[in-house]
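The values are calculated or read from the model by the stated rules, or taken from the named source; none is laboratory data. Worth saying up front: this structure is predicted, and the values here are computed from it rather than measured. Cβ sites come from the backbone with ideal geometry, for glycine too, and all protein chains shown count toward neighbours. Note: areas computed on protein heavy atoms with side chains; ligands, DNA, RNA excluded. Shrake-Rupley method; radii C 1.70, N 1.55, O 1.52, S 1.80 Å.
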Amino acid sequence: MNCNTGYNRDEMDGQMENNEKFVVRGGRPLVGEIKLAGAKNAATKLLVATLLTDEECVFENFPRIGDVEVAKELCAILGSEIRAIDSHLVIRTPEIKTTRVASLHRRNRIPILALGPLLNRKGEAEVPIVGGDKIGPRPVDMHLESLKELGAKIEINNNFYRASVVGRLKGADIALKYPSVGATEQVILASVLADGKTTVSNSAVEPEIMDLIKFLQKMGAIIELGTNRTIAIHGVPKLHGARHKILSDRNEAVSFACLAVATNGRILVNGAEQDHLITFLNDLRRIGGEYEVMGDGILFWRARPLTPVRIETDTHPGFMTDWQQPFLTMLTQASGESSIHETVYEDRFGYTRDLNLMGADIRVVDACLGNLPCRFRDKKCPHSAIVKGPTPLHGAKLRVPDLRAGMAHILAALIAEGESEISGVSEIDRGYEKIVERLSFLGADIRRVG
Ligand code: EPU
């Protein structure tokens, strides 16, 4: 069977493009202290969760990034009143003004998560089909099947998912065929106000999902974490407002850690949480990076010349798929042959073409280079990469295909000799707050133009 490879032009059309570029001159070690923003992949879902109540919710550590703007726009269309004060965000949806979201097509993955809250409050919903990164096909079959199991009727056309329910959604036993982050969140958001008990087996257990559960508990939900990836949600009739500090962004933490080690610098990452990074910290140490867990964060540096490693991405608590891009870029500077087997997405190595243009030696293959169970084993999917190093990199003109690949491009440009020009930077702004200012503060020669 073949893999559906190549960037999806439709999804690209849905993104907000601009002509801004980053101009980066490499060769400087990054040194200093940085504070993590709130996690993108928690903040966006927490906003959707506030639609479950007509009372006020307050968030601390709220990130100012592109994907959050899309989630805010979604909530505003549905009737939310939103105020942002520094990194605090106050949101209240006294009334759902409409159940139909007629814009935001393919902007990101968040609108589909509004189906559950809308079904609970109004019994009907219509949201635009999802977009997201250009990292291969990203089906939503598990989202929609789960909602059907909870009693919703679903219709799909080219532009919308339409859902309706007669009376209340009803608790059900839902077995996910894969521990999908989004599908797990979909079930939780739909079942907290459903009639009766819902169990989700084979659920995802990422820290961002735990943050969502913590917030919903504060709102009055009853959610139990069982063994073996099982979550039980006991529906309640009503939820109330709550206040919550959003967990810090572990993807930002990994990006800054890789920047410290790859540029042979030293960065104290304030807000980095050891228990969200355990797998990463082990692999970083294996290749010659080092860290010290301090009171408020983690200090990262390079302890010795870098050596190769074999990595397989996985669901939490494994090595996260969103970490492989900066990590692989760092491995271009290790002596010997490394490999990364990507088991979460079937086509997430497109960005390596650009790294090769800069002088890297990376080969992407269809074979599974590892032993983890992999859904792409018998398909022709370019989902393993072999990296030979160390290879000096030189500046180039790059175009960012997706958010995490964008961090690989920045990192490559910062270790390369000469100047690089990175276009398509709105992708990076989707997930990294004020990245140019923060990297400049660490000593990077990077500026935004255009
Ligand atoms: N999948 C299905 N059917 C579904 C849902 C998912 O087949 O109904 C498959 C996907 O195609 C993929 C796998 O399951 O192969 C995992 O997808 P998952 O649903 O877990 O991912 P997601 O919820 O769409 C979130 C993050 C991603 C992160 C993944 C994995 C958000 C908004 N996005 O995506 O983050 O890579 O979980 O941890 O939370 C990023 O931040 O750059 C990013 C891509």
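Relative to the Cα centre, what is the charge dipole magnitude of the stretch 17-152, using +1 at the beta carbon of each Lys and Arg, -1 at the beta carbon of each Asp and Glu, and rounding to the nearest 20 debye?
Dipole size: approximately 520 debye.
According to the square roots a ≥ b ≥ c of the eigenvalues of the Cα gyration tensor, what is the shape class of the stretch 10-111, taking rounded for a/c under 1.5, prolate for a/b larger than b/c otherwise, and oblate for the remainder?
Here the stretch 10-111 falls in the oblate category.
Name the long-range amide H neighbours of Leu268: under 5 Å, sequence gap of 5 or more, or other chain; modelled H, no Pro or chain starts.
Gly32, Glu33, Ile34, Phe300
At His234 and Lys177, where each label point lies 7 Å from the Cα along Cα→Cβ, what is the point-to-point distance in nanometres?
So the label points at His234 and Lys177 sit 3.3 nm apart.
Calculate the all-directions average of the projected area of the stretch 230-327's alpha-carbon convex hull, and give it in nm².
8.3 nm²
Semi-axes of the equivalent ellipsoid for the stretch 310-450, please: Cα gyration tensor eigenvalues, times 5, square-rooted, ordered largest first, whole Å.
In descending order the semi-axes read 26, 17, 13 Å.
Summarise the long-distance tail of P(r) for the chain by giving the % of C-alpha pairs beyond 34 Å.
31 percent
Can you give the FRET efficiency to the nearest 0.05 for Thr307 and Asp445, using r as the Cβ-Cβ distance and R₀ = 30 Å?
Given R0 = 30 Å and the Cβ-Cβ separation, E is 0.60.
Report, for the chain, the % of DSSP beta bridges that are antiparallel, rounded to 5.
70 percent
In terms of modelled amide H atoms, which long-range or inter-chain residues lie less than 5 Å from the amide H of Lys245?
Counting only residues 5 or more places away or on other chains, the set is Glu60.
For the stretch 164-176, take each phi angle, set θ = phi - 60°, evaluate the Karplus expression 6.51 cos²θ - 1.76 cosθ + 1.60, and give the result in whole Hz per residue in order, putting x for glycine and proline.
Karplus-based 3J(HN,Hα) across the stretch 164-176 equals 8, 8, 8, x, 9, 4, 10, x, 8, 9, 10, 10, 7 Hz.
Rounded, prolate or oblate: which fits the stretch 117-247 when a ≥ b ≥ c are the square roots of the eigenvalues of the alpha-carbon gyration tensor, with rounded for a/c under 1.5 and prolate only if a/b beats b/c?
rounded
Report the charge-dipole magnitude of the stretch 273-314 in Debye, nearest 20, computed about the Cα centre from +1 at each Lys and Arg Cβ and -1 at each Asp and Glu Cβ.
I would put it at about 380 debye.
Using 1/(1 + (r/R0)^6) with R0 = 41 angstrom and r between the beta carbons of Ala367 and Lys97, what's the FRET efficiency to the nearest 0.05?
Once the sixth-power term is evaluated, E becomes 0.20.
Show the residues, 5+ positions off or on another chain, whose built amide H is closer than 5 Å to the amide H of Gly297.
Answer set, sorted by chain and number: Gly271.
Can you give me the distance in nm between label points at Asn18 and Lys218, each placed 7 Å from the Cα along the Cα-to-Cβ direction?
3.1 nm
Hey, which of these cross-link pairs are over 24 Å Cα-Cα: Lys40/Lys148; Lys153/Lys245; Lys45/Lys122; Lys177/Lys245; Lys40/Lys388; Lys72/Lys97?
In this structure, Lys40/Lys148; Lys153/Lys245; Lys177/Lys245; Lys40/Lys388 lie more than 24 Å apart at Cα.
Assigning unit charges at the beta carbon (Lys, Arg +1; Asp, Glu -1) and nothing else, what dipole magnitude in debye, to the nearest 20, does the chain show about its Cα centre?
220 debye
Restricting to DSSP H runs of at least four residues, report the calculated mean residue ellipticity at 222 nm for the chain, -39500 (n - 2.57) per run over all residues, nearest 500 deg cm²/dmol.
-8500 deg cm²/dmol
Please state the shape class of the stretch 304-364: rounded when a/c is under 1.5, otherwise prolate if a/b exceeds b/c and oblate if not, all from the C-alpha gyration tensor.
oblate
Excluding residues on the same chain fewer than 8 positions from Lys238, give the aspartates and glutamates whose Cα lies under 13 Å from its Cα.
In chain and number order, the partners are Asp54, Glu55, Asp195.
Along Cα→Cβ, 7 Å out, is where each label goes; now give me the distance between the ones at Asn356 and Asp195 in nm to one decimal.
Placing both labels 7 Å along Cα→Cβ, they lie 5.8 nm apart.
Which Cα, out of Ile428, Pro390, Met407, lies furthest along the positive dipole direction of the stretch 385-439 (beta carbon charges, K/R +1, D/E -1)?
Pro390
Students often check this: by mean Cβ neighbours within 10 Å, which of 189-197, 300-308 ranks highest, and how do the rest follow?
189-197, 300-308
Using the heavy atoms of the protein chains and a 1.4 angstrom probe, tell me the accessible area per residue for the stretch 186-251 in square angstrom.
Ligands and nucleic acids excluded, the figure is 36 Å² per residue.
In the chain, carbon and sulfur make up what percent of the accessible area (probe 1.4 Å)?
Here it works out to 48 percent.
Give the residue from Ile278, Val261, Leu306 lying farthest towards the positive end of the charge dipole for the stretch 248-315; charges sit on Cβ (+1 for Lys and Arg, -1 for Asp and Glu) and the dipole is referred to the Cα centre.
The residue sitting farthest along the positive end of the dipole is Leu306.
Write down the Å³ per residue value for the convex hull defined by the alpha carbon atoms of the stretch 41-97.
For the stretch 41-97, the hull spanned by Cα atoms encloses 61 Å³ per residue.
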